[in-house]
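Asks: After the structure tokens below, expect a handful of questions from me.
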Amino acid sequence: MTETVLIFPAGVPDALKYRAEAAERGCRVVGASSLSWNPDSDRYDQWEYLPYVHAPEFNEAIGALIARLGITAIFAPHEVVSAHLAEILPALAPGVALISASPLLAKEREYRALQTRADAISAVPDWFDGGAPRLAGARLAGLLRLVDGVPGMSDNDKIAAMIEVARHVPAGDIVEIGSWWGRSAALLTLLSRHHGLGPVLCVDPWRADALPQGVAILDRASAAMDLDDALRIFETNLAPIAEGRVNYIRAPSVEAARRYGPELTVETEALGRTVYSGQIALLHIDGNHALERVTEDAESWTPHMAPGGWVVFDDYVWAFGDGPQQVGDAYCARNADRIMRSFVMGTALFVQLEA
């Protein structure tokens, strides 16, 4: 039986977000408002009027609406409405679920959890001697909140390692191979801003023929993706924080590497104009994970590394293969005499060269 969800009040941003999620699950979604007109009414399968929650006739009106439409659940993205429904629903409509009761208190819990996570990162002793002052408090929690808002696969351990490594990055550019929707690019850009590091260059073809990695289950999923949409999402996530600190080249990694050098200037409509030094302080390799592609990424970009720079091989620990691990191990073996430190955090291998 199709679930019928009532959203009230239905015109606020959280309501519209939940409407989309419920519709995706196949629910019939009814919107309701106490306003005589609402510009979002046509987004719902059905639109209803309800009195204000404090009006004497509200309880009777919502009870009648529940019975008439067969409402099975209610989402109330307003603290006062949610609290009142929590009081009356057990007696008025005992079979109707109240989704996400106390939404504002839930938000407060999210922010407390965010601060707890930031405090846990700050509480770990310094990984290495020296370096720039640590991010902490509201600045660190705020950075994590912004990064969490960008969909992506970077795990919390890798993010914590990136935050620590950023304190020890020399002068030079930050180059990322494979950016997709921009989660790690946003992290690197925010760290660049905070520590005064070099600009971030993102390299991604956002092209269908660059996606196959030789793993059938991954390649089938990739084939369904809209690459132009992926780039637009990337631009949307990065544009508000760009300010000349991040840009992108839409091209295969090897092709972009041929363009890379001193005074490289990249200009895009979404992110503006960015000038690069041609020397890499931090290289994040997270493109196609097939052995041949990771090899090309490493061979094309590591010759540009600055003394004391970092190379990060993402998905060094990867459920679908060992291309990044083979290339990372080979890089460490070839450069053993010039590596200051290396470690695995989360699923990524971090390698720092001698200064």
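Asks: Calculate, for the chain, the solvent-accessible area per residue in square angstrom, rolling a 1.4 angstrom probe over the heavy atoms of the protein chains.
Replies: Ligands and nucleic acids excluded, the figure is 48 Å² per residue.
Asks: Once both labels are modelled 7 Å past Cα along the beta-carbon direction, what's the Phe320-Asp157 spacing in nm?
Replies: A separation of 2.1 nm, rounded to one decimal place.
Asks: For the range 144-198, give the magnitude of the charge dipole about the Cα centre (Cβ charges: +1 Lys/Arg, -1 Asp/Glu; no others), in debye to the nearest 20.
Replies: In debye, rounded to 20, the range 144-198 gives about 160.
Asks: OK, next. Enter the Cα centre distance for the pair the range 39-67 and the range 137-179, rounded to the nearest angstrom.
Replies: Measuring centre to centre over Cα atoms gives 44 Å.
Asks: In the range 27-126, what percent of the accessible surface is made up of carbon and sulfur (1.4 Å probe, ligands and nucleic acids excluded)?
Replies: That share works out to 59 percent.
Asks: Quick one: among Gly287, Gly244, Gly309, which has the greatest mean-square fluctuation in a GNM of the chain with alpha-carbon springs under 10 angstrom?
Replies: Answer for the Gaussian network model of the chain: Gly244.
Asks: If you don't mind, another one. Take the alpha carbon atoms of the range 296-317, find their center, do the same for the range 206-244, and report the distance between the two centers in whole angstrom.
Replies: Cα centroid of the range 296-317 versus Cα centroid of the range 206-244: 21 Å apart.
Asks: Which whole-Hz couplings ³J(HN,Hα) result when phi for each residue of the range 222-232 is put into the Karplus expression 6.51 cos²θ - 1.76 cosθ + 1.60, θ = phi - 60°, listed in order with x for Gly and Pro?
Replies: Once θ is set to phi - 60°, the couplings for the range 222-232 become 5, 5, 8, 7, 9, 6, 5, 4, 4, 5, 4 Hz.
Asks: Sticking with this structure for a sec: So what's the back-of-envelope 222 nm ellipticity for the chain, counting only DSSP H runs of four-plus at -39500 (n - 2.57) apiece and dividing by all residues, rounded to 500?
Replies: -12500 deg cm²/dmol
Asks: Here's something else I'd like to know. Could you go through the range 80-86 in sequence order and give the Karplus-derived ³J(HN,Hα) for each residue, using 6.51 cos²θ - 1.76 cosθ + 1.60 with θ = phi - 60°, rounded to whole Hz, and x for Gly and Pro?
Replies: Running phi through 6.51 cos²θ - 1.76 cosθ + 1.60 with θ = phi - 60° gives 5, 5, 4, 5, 5, 4, 4 Hz.
Asks: While we're looking at this one, here's another question. Running a GNM on the chain with Cα contacts under 10 Å, which residue among Leu271, Leu98, Leu231 ends up with the highest mean-square fluctuation?
Replies: Comparing Leu271, Leu98, Leu231 in a Gaussian network model of the chain, the most mobile one is Leu98.
Asks: Once phi is turned into θ = phi - 60°, what whole-Hz ³J(HN,Hα) does the Karplus curve with 6.51, -1.76 and 1.60 give for every residue of the range 112-124, x standing for Gly and Pro?
Replies: With coefficients 6.51, -1.76 and 1.60, one gets 5, 5, 5, 5, 4, 5, 5, 4, 5, 5, 5, 6, 5 Hz.
Asks: At what distance in nm do the modelled label points of Asn335 and Ala239 sit from each other, each positioned 7 Å from its Cα along Cα→Cβ?
Replies: Label at Asn335, label at Ala239, 3.6 nm between them.
Asks: Hey, another quick one. With a 10 Å cut-off between alpha carbons and a GNM built on the chain, which of Val12, Val200, Val175 moves the most?
Replies: For the chain, modelled as a Gaussian network with Cα springs under 10 Å, the answer is Val12.
Asks: Of Gln325, Phe343, Gly142, whose Cα points farthest to the positive end of the dipole of the chain (charges on the beta-carbon: +1 Lys, Arg; -1 Asp, Glu; origin at the Cα centre)?
Replies: Gly142
Asks: Ignoring ligands, DNA and RNA, what percent of the accessible area of the range 166-306 is carbon or sulfur (1.4 Å)?
Replies: Result for the range 166-306: 50 percent of the exposed heavy-atom area is carbon or sulfur.
Asks: Please give the charge dipole size of the chain, origin at the Cα centre, charges +1 on K and R Cβ atoms and -1 on D and E Cβ atoms. Round to the nearest 20 debye.
Replies: Dipole about the Cα centre, nearest 20: 500 debye.
Asks: On full extension of the chain, what length is gained from Ser102 through Asp229, given 0.36 nm per residue of separation minus the C-alpha to C-alpha distance?
Replies: My answer for the length gained is 42.3 nm.
Asks: Evaluate the relative contact order of the chain (contact order divided by residue number), counting alpha-carbon pairs under 8 angstrom at least 6 apart; express in whole percent.
Replies: Normalised by residue count, the contact order of the chain is 11 percent.
Asks: Shifting gears a bit: Return the long-range amide H neighbours of Glu48 (sequence gap of 5 or more, or a different chain), with a cut-off of under 5 Å between placed amide H atoms.
Replies: Gly31, Ala32, Ser33
Asks: Taking amide H atoms as placed 1.01 Å from N in the peptide plane, list the residues 5 or more away in sequence, or in a different chain, whose amide H sits under 5 Å from that of Gly309.
Replies: For Gly309, the qualifying residues are Leu353.
Asks: Something else: At 0.36 nm per residue, and after removing the present C-alpha to C-alpha distance, how many nm does the segment from Asp129 to Thr116 gain when stretched out fully?
Replies: The Asp129-Thr116 span can extend by a further 2.2 nm.
Asks: As an exercise, use a Förster radius of 56 Å and the Cβ-Cβ distance of Arg220 and His54 to find the FRET efficiency, rounded to the nearest 0.05.
Replies: Plugging the Cβ-Cβ distance into 1/(1 + (r/R0)^6) gives 0.60.
The values are calculated or read from the model by the stated rules, or taken from the named source; none is laboratory data. Predicted model only: the values in this text are computed from it and were never measured. Note that each Cβ is placed from the backbone with ideal geometry, even for glycine, and that neighbours are counted across all protein chains shown. Heads up: the accessible areas ignore ligands, DNA and RNA and are worked out on the full protein's heavy atoms, side chains in. Shrake-Rupley method; radii C 1.70, N 1.55, O 1.52, S 1.80 Å.
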